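These notes are about the structure you will find just below.
Rule-based calculations on the coordinates, nothing more; no lab input. What you are looking at is a predicted structure, and each value in this text was computed from that prediction instead of being measured. Cβ atoms come from the backbone with ideal geometry, glycine included; neighbour counts cover every protein chain shown.
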Amino acid sequence: MEFEKTNDGKTMNIELIGEIDSMNVTEIEEKLLKEVEGVTDMTFDLKELEYISSAGLRMLLQMQKMMKTQGNMVVINTNEEVMEIFKVTGFVRLLNIA
Amino acid sequence: MSTKTRFPLKIKAAIIIIALSAVLCVVAILMSAIRFSRTNEENFKNQASDLAYVAALTVDGDAMKVVRDAVFEVFDKIPDDDVVLSDDWGSDAFNAQIEKFAFITDMPEFKKVYEQLSKTQTAGISTLASIYATDYDFSHSIPYALYLVDAAEEDPCLPGVADHADEADWESAEKHEPMKPYITNYDAYGWLVTATAGVYDSSGEYVGVICVDLDMNAIKANESSFIISLTATLVAITIVICIITLIIIDLAVIKPLNKLSDIAVGYISNNEDRKKFSDFKMRRRDEIGNLSGAMIKMENDIGNYIDNLTSVTAEKERISAELGVAAKIQADMLPTDFPDRKDIELYAAMTPAKEVGGDFYDFFFIDDDHIALVMADVSGKGVPAAMFMIIAKTLIKIRTTAPGTPAQMLWDINNTLCADNPSGLFVTAWLGILTLSTGELISSNAGHEYPALMHEGGDYELIVGENMPPLAAAENIEYFDEKIELKTGDRLFLYTDGVPEGKNPDGERFGTDKMLKILNHRHNVSPKELLDDMMRKVNEFAGESDQFDDVTIMSVIWKGGK
């Protein structure tokens with residue numbers, strides 16, 4: 001995972017890369033929780049994401065719940081494989097997929 | 001227990017010390033010998049010179065002049081070719097030549113000089129070989145040294161014995177200069193140091209020289225006795241020093257090292273009365289003392305570490321045992337009393353991953369004509385997932401036995417789970433209710449994998465419907481009911497994501513295509529056989545890689561309607 005934050009700390013871009021499952025999701029979640037304070041616009045770029053397990057979906061859902069109280073969260077560049085996962089799990093109805 | 005050392009330090013130290021000592025001895029002996037030999041020779045040369053000088057002063061110069069003149073008178077008459085040298089000692093010609101001078105030994109002057117020389121001869125110098133008077137005769141084509149008086153007791157050189165004069169000899173003699181002692185080694189006379197001093201008569205005229213021969217063999221004997229005693233002393237001292245050094249090394253280094261080594265070897269044994277480093281405390285301020293201190297510290301540290309590790313391990317074992325119990329409780333919650341009926345055949349199985357997980361299946365009869373089928377997967381792993389699974393499973397079962405469609409049931413269950421879910425866990429679930437008499441299957445899908453359905457005579461296909469979010473993800477989700485009319489012999493295959501998402505060592509995933517292919521090769525096998533085959537295929541695919549997720553599957557055949 002790579003992420004960048006604008007200077008004012010309000011906009012945060014997160015790029016999820018490769019596969020996200022319960023092996024690496026805790027580390028990602030911990031890193032994001034450290035940075036999330038004060039962020040009003042959070043964007044998850046899934047262009048390089050190949051697979052996301054239910055643990056990864058839970059992380060996205062948690063971030064979404066958190067962002068609801070302080071701003072907005074959007075998921076962009078979702079590829080076909082990941083979109084299929086979002087469809088099967090019903091996450092298309094939970095996430096703000098642009 | 002003591003470790004055997006193939007090349008003990010003791011032997012190595014001994015070899016090195018003995019070798020170095022030997023070298024030191026040899027060098028010391030050689031240098032002493034050379035030095036001694038030079039000084040000794042110098043001393044004897046000086047002694048010979050002094051002796052010659054004293055003798056030359058003692059001898060009556062006038063008497064010696066008479067003797068010399070008498071010898072020269074006879075010698076001068078001998079033609080060049082007839083001169084016999086001392087090399088021919090004992091030959092007839094030699095004896096004949098000596099005979100011509102015989103009368104001189106009867107002269108009172110000869111006797112006088114002879115007596116004077118004899119006194120010096122008997123003065124008691126052990127290395128003195130002989131003392132005699134000579135002069136150099138230049139009457140012939142080459143110069144000769146002629147013996148005048150010889151005080152030797154054995155084989156004296158009688159007057160008339162002639163030798164070639166060395167060039168240096170006669171040049172110095174002519175100039176009346178003192179002559180340097182020299183060392184000669186002729187067969188006739190042996191190994192000698194010779195010193196000469198000029199003799200002068202009452203009028204101061206040069207009348208010849210007194211020669212003193214010192215025996216080099218006697219001198220050298222003196223020298224070798226010195227070297228032998230020196231060697232003996234040095235070797236004895238060296239041996240004593242070697243032994244003392246080895247004893248010191250043994251006591252100060254080797255014994256303590258062996259002791260530490262023995263303790264180290266015995267350290268791991270569980271023997272209660274094993275020796276400890278701390279029992280062997282060395283109050284020394286050297287490296288051995290440091291080593292002993294370091295070993296004692298290590299011993300204490302390891303002791304503390306082991307105690308720590310033991311308690312941590314015990315704690316871990318306790319937790320592991322409790323987790324094992326949790327996993328067992330969880331597994332026991334899954335029903336295995338599969339129905340034995342004519343209208344339905346059902347089998348289900350779960351292979352848990354290493355860790356306690358959140359997969360579960362369930363089936364139960366709502367009434368005699370309706371059976372509820374559940375396949376669900378809690379997100380995440382471990383104890384939280386397992387606890388959440390228990391809650392979800394219980395809630396589903398309770399709500400399903402009350403009236404309503406699966407979609408209505410999921411609405412209620414979802415809102416109940418959402419009410420108190422700070423951990424953000426959720427459950428994907430497929431809930432179906434099958435009317436056994438008609439084959440009507442009403443199902444609702446909360447974010448779960450699409451089930452596979454096979455109509456009798458056809459292939460398995462995924463039931464792709466409108467999937468809604470999983471349970472506990474968000475409140476007030478409107479789930480959809482899906483209605484399917486089963487025909488006799490239709491088969492339903494339910495599974496969790498452990499099947500399609502199983503990974504092989506190359507990172508490839510099992511996938512639903514492969515799953516469908518396997519199903520479609522087994523249209524007519526029993527549910528148990530199908531599930532056994534599927535489990536085996538999934539395991540084969542995973543190969544060496546650890547099974548990462550729970551794998552849960554269920555196979556249902558509806559046989560009613562006939």
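The simple Förster model, with R0 at 35 Å and r as the Cβ-Cβ distance, assigns B:Asn476 and B:Thr313 a FRET efficiency of 0.10. Rounded to the nearest whole Hz, the Karplus-based 3J(HN,Hα) values (6.51 cos²θ - 1.76 cosθ + 1.60, θ = phi - 60°) of region B:482-494 follow the sequence 10, 10, 10, 8, 7, 10, 3, x, 5, 10, 10, 10, 10, with x at glycine and proline.
Looking at region B:336-414, the trypsin sites (Lys or Arg not before Pro) that sit in a DSSP loop and have at most 14 other Cβ atoms within 10 Å of their own Cβ are B:Arg341, B:Lys342, B:Lys354.
In this label model, A:Ile76 and B:Asp340 are separated by 6.3 nm, measuring between points 7 Å along each Cα→Cβ vector.
Its relative contact order, with pairs defined as Cα atoms under 8 Å and 6+ residues apart, puts region B:54-216 at 27 percent. The chymotrypsin sites (Phe, Trp or Tyr not before Pro) of region B:44-129 meeting both criteria, a DSSP state outside H, G, I, E and B (loop) and at most 16 other C-beta atoms within 10 angstrom of the site's C-beta, are B:Trp89.
Set against the 2.2 N^0.38 Å expectation for a compact globular protein, the protein assembly as shown has a Cα radius of gyration ratio of 2.38. Based on the Cβ-Cβ distance of B:Asp69 and B:Val23, what FRET efficiency does E = 1/(1 + (r/R0)^6) give at R0 = 56 Å, to the nearest 0.05? Working from the Cβ atoms, E equals 0.30. Every helix of 4 or more DSSP H residues in chain B counts as -39500 (n - 2.57), and over all residues that averages to -15500 deg cm²/dmol at 222 nm. Site-free segments of chain A were taken between GluC sites (Glu not before Pro) in DSSP loops having at most 14 other Cβ atoms within 10 Å, sites themselves excluded; the longest one is A:49-98. The amide H of A:Asn72, built 1.01 Å from its N in the peptide plane, has A:Asp41, A:Met42 as neighbours under 5 Å, considering only residues 5 or more places off or on other chains. Averaged over the residues of A:47-56, the number of partner chain Cβ atoms lying within 10 Å of the residue Cβ comes to 4. Under the simplified labelling scheme, the B:Thr438-A:Glu35 pair shows an inter-label distance of 5.6 nm, with each label point 7 Å from Cα along Cα→Cβ. Put a dot 7 Å past the Cα of B:Ile237, heading toward its Cβ, do the same for B:Ile366, and the two dots end up 11.6 nm apart.
Highest mobility in the GNM of chain A, judged by mean-square fluctuation with C-alpha springs under 10 Å and restricted to A:Thr26, A:Thr43, A:Thr69, is found for A:Thr69. Note on B:Val383 and B:Ser126: the extension gain reaches 81.2 nm, defined as 0.36 nm multiplied by sequence separation minus the Cα-Cα distance. Only Cα pairs under 8 Å and 6+ residues apart enter the sum, and on that basis the relative contact order of region B:92-187 stands at 22 percent.
Within region B:38-99, the trypsin sites (Lys or Arg not before Pro) that combine a DSSP coil assignment with at most 14 other C-beta atoms in a 10 angstrom radius are B:Lys77.
Residue separation of B:Ser118 and B:Ser86 scaled by 0.36 nm, minus their Cα-Cα distance, works out to 9.3 nm of gained length.
Pop the C-beta distance of B:Asn520 and A:Asp8 into the FRET formula with R0 = 56 Å and round what comes out to the nearest 0.05. Once rounded, the FRET efficiency stands at 0.45. In angstrom, the C-alpha Rg and Dmax of region B:448-562 are 15.6, 48. The charge dipole of the protein assembly as shown, taken about its Cα centre with unit charges on the Cβ of Lys, Arg, Asp and Glu (plus for the first two, minus for the last two), comes to roughly 3920 debye.
By DSSP, what percent of the beta bridges with both residues in chain B are antiparallel, rounded to the nearest 5? In chain B, DSSP labels about 100 percent of beta bridges as antiparallel.
Considering only beta bridges that DSSP places wholly inside chain A, some 20 percent are antiparallel.
The relative contact order of region B:335-558 comes to 25 percent, based on Cα pairs under 8 Å that sit 6 or more residues apart. Its DSSP H runs of at least 4 residues, each contributing -39,500 (n - 2.57), put the calculated 222 nm mean residue ellipticity of chain A at -12000 deg cm²/dmol, to the nearest 500.
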